[in-house]
Amino acid sequence: MRSTLALSAFVAILALAGCENGESARTLSTGGTSKASGGSTGATGGSVVNGGATSSGGTSKGGSTSQGGTSAQSSSASGGASTSAGTTNSGGATASGGSFGSGGAAGSGGTAQSGGTSRSGGSAASGGTTTSSGGRTGSSAGGAGGISNSGGSQSAGGSGPDAGADGPSGGRSGTGGRATGGSATGGTVQGGAAGTAAGGAGGSTSSGTTGGTINDGCLDDLAKGLSISEIAVFQAGKISVMKNGTAAQPTTAQGAKIVQGKDALFRVYVTVDSGFQSRALSARLMLNGQSAGYSAKTTISASTTELTAANSFNIPVPGSAITDNLDYQVEIVECATGSGTDHSPLFPSSGVASLATLKTGPEKLTVVPVTSGGTTPTLDQTFSDALKSYIDSMYPTSGAQVTLNSTPITGCTITASTAMSSSAWSSCLDSVMARRRSDKPANDVYYVGVVQPTSSLNSYCGSGCIMGISPVASLTASSSRVSLIVGYSGYAPSTAAHEIGHAHGLEHSPGCDADQPDPKFPYVTNGKAYIGWVGWDKQQTSTKFYDPAKYTDIMAYCSPQWISDYVYRELADRIVALNGAFIISGPARTWRIVIEGPSGLWWGTPVTDPIPAEGEPVAARVLDASGNTIVQITGYRTPTSIGTAFYMVPDPQPGWFAIAIGEGELAY
Ligand SMILES: [Zn+2]
């Protein structure tokens, strides 16, 4: 479907109808809806304490309250309220003192603490203490604290047993998770005749995350008749961390690593014995010294198969829990009586296993509308959210920070009739670069110009078009941290992901006529770059795994698309370098900008505030009016993603008439 026009050697021409070819088709596979941020995890809170709190996925509720139990073992404490994977959660928090004083009436629990109403709201509750005397008193109080997304105080769960003996076991209770927002204290209540009981735990969750203890309604008995065959951490794709009982280095063949702060899916694979009875089981994941717990209750009918979500335990974990010094333990338990051989589905068999993680940092994006063809796209929160969701899901970053800049860039000439003009696109990119230089954002901010020359993609791209352009930028070239994309709904996020990849220095991956592909790309079949690992897109509302034999790399022009571990690792390298780095630059000066396209050379926007040279040094000559060389100079070349190039060259001096660089000459 690639155009055969002569200029196609320079242009990424994309026929709209050609799903083999293109950026125009890129997002067809991505689905459109963005998921509310913060909503991707749904582990449950609450505690395993008998009668303890539960909270599970689903919609959240505001702070609920409850009273502590009034009697012995059966007393209940409600713990954290709220949560879940959902969208907005009012951070319901509650703390109620559950109590388990036995022997006589125990006191009622403390007062509820309501959390805030925002996503970061929620309150932690510190469990009360249990002091008891007499009788079989004072056994474990304590529920779980919740965990919430944003920082906050640690909430201690109720304290454990005091002198008591037979009170209900706290199970995994005890320590609350991290909570946020205000703090709350579980009430302290005088018990009846038998001492004081108090406690309880509150905890709130704000985004469907909970921590601390797990309440999956299941037993503590390890499941029978199956074993854990593999554990993997998915962020954009699969990173295996255990196979057949042996811990694996958490890195892929091409060096992709677990990224700190990025939402993840822990996947527990199983192998079942013959004759295994299909039933619901729960996989419990404890992170970070048992301080945060997550679970997935799933009906297992057969051994896990890689590309099918069923028959594996898929446990969402929020990015906030993917920390430095990450450790974990996984077990699979029965939810009712099970039978079969005991293979002890627990890893590690004692203690915890640690996982190396990589700190990358945020991806800072400023999107700017570009007026062209008489129209200016409306960039609203919906646009911003869709872009953030896509980058959050695909890129090795702790999160995209998208800023809307409302002042349009003007002077561009991209229209339906210049849809395939690399010159028009290159000149417009020059305007975005000039805007970034003028705005002087922080060093690590990427500018994304958004153009929408006609009302619909069809009317713009009906006979082929360019969808985006970026410099293929070197690390030190801050001026080149820019991209220009079309803003059509459903196409913009994936186009941005591709172009921002170029701005991070990525070349094309091979396939479907992508220009100048990276010869080192490792997964090429029949000329197409495939992703090389099992992909996972957290934007998908139900868990899906992307087949590495079908999905092609984001930096090629084929579809369907996702990201390879190779490109993921390259992006991570760049983000780490940019966020961390002392970057060596040369002396600052002013420059002229020369743009090179299929029609020759033309001037871009001069650099009037001094900056260091950016790009690859190339030889150039200064000519006099007769065409004679006056002096040899150095220009600095940055290629673009569509075959054009930018050069930084010196301001002219007296007697300089023209410059010869690249394959052309241009008069000053
Ligand atoms: Zn490209």
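Since every read-out is calculated from the coordinates, none of them should be taken as a lab result. Since the model is a prediction, treat every value here as computed from it, not as a measurement. Methodologically, a virtual Cβ is constructed for each residue, glycine included, from the backbone with ideal geometry; neighbour enumeration extends over all protein chains shown.
Data for the structure
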read-out	value
Order of Asp565, Asp263, Asp547, Asp537 under a 10 Å beta carbon neighbour criterion, fewest first	Asp547, Asp537, Asp263, Asp565
Arg621, Arg592, Arg435 arranged by Cβ crowding within 10 Å, fewest neighbours leading	Arg621, Arg592, Arg435
Proximal lysines to Lys528, defined as alpha-carbon separation beneath 28 angstrom and excluding residues fewer than eight positions away on the same chain	Lys238, Lys257, Lys388, Lys520, Lys538, Lys544, Lys550
Cβ-based exposure ranking for Ile611, Ile633, in which fewest neighbours within 10 Å come first	Ile633, Ile611
Hull shadow area, averaged, the stretch 392-540 [alpha-carbon convex hull, nm²]	10.2 nm²
FRET efficiency, Ser585 to Tyr668 (Cβ-Cβ, R0 35 Å, nearest 0.05)	0.85
Pairwise FRET efficiency - Ser599 versus Ala302, Cβ, R0 = 41 Å, nearest 0.05	0.10
Taking the stretch 530-590 and dividing mean pair separation by its residue count, relative contact order in percent (alpha carbons under 8 Å, at least six apart)	27 percent
Three-way shape call for the stretch 470-517 based on the alpha-carbon gyration tensor, with the a/c threshold at 1.5	oblate
At R0 = 30 Å, FRET efficiency that the Cβ-Cβ distance of Asp609 and Lys359 yields, to 0.05	0.40
Within the stretch 347-470, percent of DSSP bridges classed antiparallel, to nearest 5	5 percent
Percent RCO, i.e. relative contact order, over the stretch 252-355, from Cα pairs under 8 Å lying at least 6 residues apart	32 percent
Rg and Dmax of the stretch 554-617, Cα atoms only, in Å	17.3, 45
Rounded to whole Hz, the Karplus (6.51, -1.76, 1.60) HN-Hα couplings of the stretch 619-634, x for glycine and proline	6, 9, 10, 9, 10, 8, 5, 8, x, 8, 6, 8, 7, 8, 9, 10
